Amino acid sequence: GRATLASHELEKPTREEPMPIKVGDRLPNATFMVMTPEGPKPKTTDEIFKGKKVVLFAVPGAFTPTCHKNHLPGFVQNASAIKAKGVDTIAVTGVNDVFVMDAWKKASGADGIIEFLADGSAKFASAIGLTADLTERGLGIRSQRYAMLVDDGVVKVLNVEDAPGKADISGAENLLKSL
């Protein structure tokens with residue numbers, strides 16, 4: 001019986017989530033989709049983060065109540081204060097397709113202030129170990145809510161929210177204190 005159990009165990013595909021990223025880690029290579037005047041285009045982590053100071057925050061979903069009414073507006077309102085601290089780019093990512101992210105950008109008044117990075121298949125969220133399984137709510141695998149400061153691809157500050165319906169730890173005001 002023991003050998004049978006072992007070989008059966010080997011056949012089961014195991015999908016290991018990576019350990020959650022932490023301060024001092026380098027972001028993994030990933031590709032987001034962004035909307036351009038010519039339509040959707042890929043944009044790599046290198047293109048976004050290399051040689052720059054970037055504030056990246058993540059939402060479980062575009063247009064969802066906390067993200068739309070609280071998290072994103074905080075970064076829009078604090079954008080100039082954040083940029084005054086030497087930040088080159090403020091970007092938001094979410095596990096939504098590029099068309100939804102683009103519609104959210106236009107609807108939220110964040111166009112030209114915040115860069116919207118679509119992580120439609122949760123590849124980036126998975127690569128940094130910060131996914132949230134919201135299948136029970138009909139949302140599938142999403143990103144956890146967090147905010148980070150990335151300097152030339154290395155995480156310098158990481159604020160991960162402890163509950164999906166809140167945007168305090170990961171909010172703009174809290175991040176601003178650590179810049």
- Message: Based on DSSP loop calls and a cut-off of at most 12 other Cβ atoms within 10 Å, the longest stretch of the chain free of exposed trypsin sites (Lys or Arg not before Pro) is what?
- Response: 51-179
- Message: Tell me the angle of helix 98-108 to the major Cα principal axis of the chain, expressed in degrees between 0 and 90 and rounded to the nearest ten.
- Response: 40
- Task: Would you please classify the overall shape of region 84-145 from the alpha carbon gyration tensor, given that a ≥ b ≥ c denote the square roots of the eigenvalues, rounded means a/c under 1.5, and beyond that prolate means a/b larger than b/c while oblate covers the rest?
- Result: oblate
- For each pair in K41/K85; K106/K177; K69/K105; K52/K83; K53/K83, compute the distance between the two Cα atoms and list the pairs where it is over 19 Å. K41/K85; K106/K177
- Task: Could you tally the net charge around G86, taking each other residue with its Cβ under 12 Å from the Cβ of G86, Lys/Arg +1 and Asp/Glu -1?
- Result: +3
- Task: Could you work out the relative contact order of region 81-173, using alpha carbon pairs under 8 angstrom and six or more residues apart, expressed as a whole percent?
- Result: 19
- antiparallel share of DSSP beta bridges within region 76-179, to nearest 5, in %, is 70
- Message: Can you give me the accessible area per residue for the chain, using a 1.4 Å probe, in Å²?
- Response: 53
- Task: Grab the Cα-Cα distance for Q77 and D111, subtract it from 0.36 nm times how many residues apart they are, and report the gain in nm with one decimal.
- Result: 11.0 nm
- Under a straight-distance cross-link criterion of Cα-Cα below 15 Å, which aspartates and glutamates are reachable from K123, leaving out those fewer than 8 residues away in the same chain? E16, E17, D97, D133
- For K50, the lysines lying under 16 Å Cα to Cα, once residues fewer than eight places off in the same chain are dropped, come out as K156
- Item | Heavy-atom accessible surface of the chain: percent carbon and sulfur, 1.4 Å | 53
- Query: Summing -39500 (n - 2.57) over the DSSP H runs of n ≥ 4 in the chain and dividing by its residue number, what mean residue ellipticity at 222 nm do you reach, to the nearest 500 deg cm²/dmol?
  - Reply: -7000 deg cm²/dmol
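The values are calculated or read from the model by the stated rules, or taken from the named source; none is laboratory data. No experiment lies behind these values; they were computed from the predicted model shown. Glycine also receives a Cβ, built like all others from the backbone with ideal geometry; neighbour counts cover every protein chain displayed. Protein only, heavy atoms only, side chains kept; ligands, DNA and RNA dropped before computing areas. Shrake-Rupley method; radii C 1.70, N 1.55, O 1.52, S 1.80 Å.
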